[in-house]
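Asks: A single structure is presented below for examination.
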Amino acid sequence: MTKEEYIEIAIDTMKKGDADAAAANMNNAIADGIDPAELLSEGYSAGIREVGDLFGKGRMFLPELMLAADAMKAVSAIVEDEIAKKGGTSEKKGVMVLATVQGDVHDIGKGIVASLIKTQGVEVVDLGRDVPAAAIVDKAVELNADLIGTSALLTTTMGEMKVLEDLLKEKGLKDRFKTLVGGAPVTERFAKRIGADAYGEDASQAVSEVVRLLG
Amino acid sequence: MSEFFTRLGDGAAVMMSEEDIRYDVEDGTADAADRGEIPELSKEEIDYLVEILTMPMKNVSVERGKEGIMTFDAGTLKLPVRAGIPVDRLATLMMHERVLCSDTMELCTTDYSYKSIKNFVQEEAMTMELAQNNCIMPIFYGAMPNLGQYTKPDGPIDNWSELLPMGKIAEARAAQEEAVEHAVSDMVFITGQMAEAGACGIQFDTVGASGDADVLAALMAAKELKKRFPNVSIEMGMAGEFNLGMHGQLEYEGERIAGLYPHKQVKMAAEAGVDIFGCVVNTNSNQTFAWNLARALTYAKACVDAADIPVVVDAGMGVGGVTNTNTTPTDVTSRVSKALLEIAKVDGL
């Protein structure tokens, strides 16, 4: 099969959330001499982005999204093994601490973001909801995290994101952690105003921004 | 080129040219049409919307004869809780009736979930009776199905928000199906108590906030209530512009619930016995007010066109084109009201 055919199957397996078929396609492609990293990027990652878009339009649903994320994890594990076999490293790309800010108990969206970011080889430590800024910072320091992501659904709680930014500055930690914010009332303008490093309008953009921030 | 005062979706004030406003209106209606698979606004409707958006007055109003019904969900939370005015719920209802000209109102409690209310429903029933004795306008009782409250640690059922990320999809789906039974039972019980106390209607608010199982619970409760209390009006207000598929496979009368947009939600609701449908369209903080209002109108118009029952549109903070700001600007709310009533021809707000 050609690389394009493997890519087409890869996208299809993501949309179907079929981990076994996704893994079999990757293994067959590797046996055919296809670069697994390229297939991961052009096929599976493209597929999961498409899944995210369909989810955003209400044409795919949360269980299917979770199945797709699981399929992505299965494929990523194969790629990591393959890289290791060739003497490369399959180290995780970074560590991210993620939380819904204090006063806010909405975490459906954050859970989706966490699942999709994990598919990119990033270790995500989800602290849950209603988490005080100080607890988020303490955990990030403890884990020597690269990124801090926060979510808020309410206009009354999004101010906690600024509390976090101020706390990082106060403790001299602003340069140590990159920060990403998101949630329905949060905008790119707000993110810039409070000094956050990045903004994710939806799960798909959050993933792109995490990849960008981790360089 | 002259510019007009308008806003962004997060309420920030901006000046925009008529050409830019028109571009956003066209883009907003196209987005709704694409997502909902419904018609875009017509050229005449777009022209009129641009006219409303560029009217020089700070506040605008509807033409005489095109007024709509005005009601408030989470009604008795507005003044005493959100505005912090020290008045009790009965005084709130009377202020809404006699000062703010509400046509109907909802009596509710701070713990706005049917599961919580069953613990003190008799006290709520007494307040309802007092309200009925003091008000002329129809008074509903309302709360949310809020299926999440039936999950551990708040309730007896396994938490699907924890099961789903673990890949336990069958278990997560079974938990949601179990929660539906509890929620239906609570909604029917509370409505019965309120009907005894003289409630004119029951409101299921923010339906779908916990996903498609939440919607199924409200539909099943409506169907049962229509049989038991045919004179109690049932209002169903949604949580978002499409039903979130937390389960994904639930059906009502053979049709999948997840992913339905307002024009299909309303048909399903009416079939279940709902008398008044509350259409919800989410505001995108990153887009302009013009984009958001055009989008809200497109969904609302398709919903009204499809409906056999009255449609009210949720026109509060973050929905219906209204900006995401704690205190919504009246230049925004008045334009939303005018456009929804005159262009989408909704029955109320």
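The values are calculated or read from the model by the stated rules, or taken from the named source; none is laboratory data. Everything numeric in this text was worked out from a predicted model, so none of it was measured. Positions of Cβ are backbone-derived with ideal geometry, glycine not excepted, and every protein chain shown enters the neighbour counts. These accessible areas exclude ligands, DNA and RNA; they are computed on the full protein's heavy atoms, side chains included. Shrake-Rupley method; radii C 1.70, N 1.55, O 1.52, S 1.80 Å.
To keep it simple, each residue is scored yes or no on (1) within 14 Å of another protein chain (Cβ to nearest Cβ); (2) closer than 25 Å to B:Ser285 by Cβ; (3) touching a residue at least 24 places away in the same chain (Cβ under 8 Å); (4) surrounded by fewer than 21 Cβ atoms within 10 Å (Cβ to Cβ).
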residue	(1), (2), (3), (4)
A:Leu98	yes, yes, yes, no
A:Ile112	yes, yes, yes, no
A:Lys139	no, no, yes, yes
A:Ile148	no, yes, yes, no
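Asks: Same structure, new question: Among the residues of segment B:215-241 satisfying the criterion of being under 19 Å from B:Gly148 (Cβ atoms) and within 12 Å of chain A (Cβ to nearest Cβ), which is nearest to the chain's Cα centre (by Cα)?
Replies: Checked segment B:215-241; the qualifying residue nearest to the chain's Cα centre (by Cα) is B:Ala239.
Asks: Residues in segment B:110-168 that are part of a strand (DSSP E or B) and under 19 Å from A:Asp107 (Cβ atoms): how many?
Replies: Our first condition is that a residue be part of a strand (DSSP E or B); within segment B:110-168, this holds for B:113, B:139-144, B:151, B:157.
Next cut, under 19 Å from A:Asp107 (Cβ atoms) only: B:113, B:144, B:151, B:157.
Residues that pass the stated criteria total 4.
Asks: Checking the condition within 30 Å of B:Lys58 (Cβ to Cβ), away from chain A (no Cβ under 13 Å) and either at pLDDT below 95 or open to solvent by 10 Å² or more (accessible area, probe 1.4 Å) (or both), which residue from B:Ala300, B:Ala290, B:Ala315 passes?
Replies: Residue meeting the stated conditions: B:Ala315.
Asks: Also, I was wondering about something else. What is the residue count in segment A:150-168 for residues that are within 14 Å of another protein chain (Cβ to nearest Cβ) and buried (at least 24 other Cβ atoms within 10 Å of the Cβ)?
Replies: Just the residues of segment A:150-168 that are within 14 Å of another protein chain (Cβ to nearest Cβ), to begin with: A:151-159, A:161.
In the following step, the residues that additionally are buried (at least 24 other Cβ atoms within 10 Å of the Cβ) were identified as A:151-152, A:158, A:161.
Here the count works out to 4.
Asks: Out of all the residues in segment A:169-189, which are out of contact with any Phe, Trp or Tyr (no Cβ under 8 Å at 6 or more places or on another chain) and assigned to a helix (DSSP H, G or I)?
Replies: Quick first cut of segment A:169-189, residues out of contact with any Phe, Trp or Tyr (no Cβ under 8 Å at 6 or more places or on another chain) only: A:169-179, A:183-185, A:189.
If the condition is that a residue be out of contact with any Phe, Trp or Tyr (no Cβ under 8 Å at 6 or more places or on another chain) and assigned to a helix (DSSP H, G or I), then A:Lys169, A:Glu170, A:Arg189 are the ones that fit.
Asks: Pick from segment A:117-132 the residues that are of a type in the set (A, V, I, L, M, F, W, C) and in contact with a Lys or Arg (Cβ under 9 Å, 6 or more places away or on another chain): which of them is most open to solvent (accessible area, probe 1.4 Å)?
Replies: A:Leu127
Asks: Which condition breaks for A:Pro63 when tested against (1) open to solvent by less than 50 Å² (accessible area, probe 1.4 Å); (2) touching a Gly at 6+ places or on another chain (Cβ under 6 Å); (3) more than 30 Å from B:Gln265 (Cα to Cα); (4) not hydrophobic (A, V, I, L, M, F, W, C)?
Replies: (3)
Asks: Answer yes or no as to whether B:Ser61 is more than 24 Å from the chain's Cα centre (by Cα) and open to solvent by 30 Å² or more (accessible area, probe 1.4 Å).
Replies: Numbers: more than 24 Å from the chain's Cα centre (by Cα): no; open to solvent by 30 Å² or more (accessible area, probe 1.4 Å): yes.
No: the conditions fail for B:Ser61.
Asks: Hey, another quick one. For the structure I just gave you, tell me whether A:Gly56 is under 17 Å from the mean Cα position of the chain (by Cα) and open to solvent by 30 Å² or more (accessible area, probe 1.4 Å).
Replies: yes
Asks: So, one more: Taking segment B:4-38 as the search range and keeping residues that are surrounded by 15 or more Cβ atoms within 10 Å (Cβ to Cβ) and assigned to a loop (DSSP other than H, G, I, E, B), which one is farthest from the other protein chains (Cβ to nearest Cβ)?
Replies: Quick first cut of segment B:4-38, residues surrounded by 15 or more Cβ atoms within 10 Å (Cβ to Cβ) only: B:4, B:6-12, B:16, B:18, B:20-33, B:35-36, B:38.
Adding the requirement that they be assigned to a loop (DSSP other than H, G, I, E, B) leaves B:9-12, B:38.
Details: B:Gly9: 7, B:Asp10: 5, B:Gly11: 9, B:Ala12: 7, B:Ile38: 13 Å.
Here the residue is B:Ile38.
Asks: While we're on this one: I need every pair where a residue in segment B:83-107 that is within 21 Å of B:Met144 (Cα to Cα) has its Cβ under 6 Å from the Cβ of a residue that is outside any helix (DSSP H, G or I) and not hydrophobic (A, V, I, L, M, F, W, C), sequence separation at least 6 or different chains.
Replies: Between residues of segment B:83-107 that are within 21 Å of B:Met144 (Cα to Cα) and residues that are outside any helix (DSSP H, G or I) and not hydrophobic (A, V, I, L, M, F, W, C), the close pairs are B:Thr104/B:Thr71; B:Thr104/B:Pro138; B:Glu106/B:Asp73; B:Glu106/B:Gly142; B:Glu106/B:Gln203; B:Leu107/B:Tyr141.
Okay, residues lined up against (1) charged (D, E, K, R); (2) touching a residue at least 24 places away in the same chain (Cβ under 8 Å); (3) away from chain A (no Cβ under 13 Å); (4) buried (at least 20 other Cβ atoms within 10 Å of the Cβ):
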| residue | (1), (2), (3), (4) |
| --- | --- |
| B:Glu255 | yes, no, yes, no |
| B:Gly259 | no, no, no, no |
| B:Lys264 | yes, yes, no, yes |
| B:Val281 | no, yes, no, yes |
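Asks: Of all the residues that make up segment A:47-85, how many are among the aromatic types (Phe, Trp, Tyr) and facing chain B (nearest Cβ under 8 Å)?
Replies: 1
Asks: If I filter segment A:85-107 for residues that are in contact with a helix residue (DSSP H, G or I) (Cβ under 6 Å, 6 or more places away or on another chain), of a type outside the set (Lys, Arg), in a loop (DSSP other than H, G, I, E, B) and under 30 Å from A:Glu64 (Cβ atoms), do I get at least one hit?
Replies: Taking every residue of segment A:85-107 in turn, at least one turns out to be in contact with a helix residue (DSSP H, G or I) (Cβ under 6 Å, 6 or more places away or on another chain), of a type outside the set (Lys, Arg), in a loop (DSSP other than H, G, I, E, B) and under 30 Å from A:Glu64 (Cβ atoms).
Asks: Restricting to segment A:79-96, what's the tally of residues that are among the β-branched types (Val, Ile, Thr) and open to solvent by 30 Å² or more (accessible area, probe 1.4 Å)?
Replies: Here the count works out to 2.
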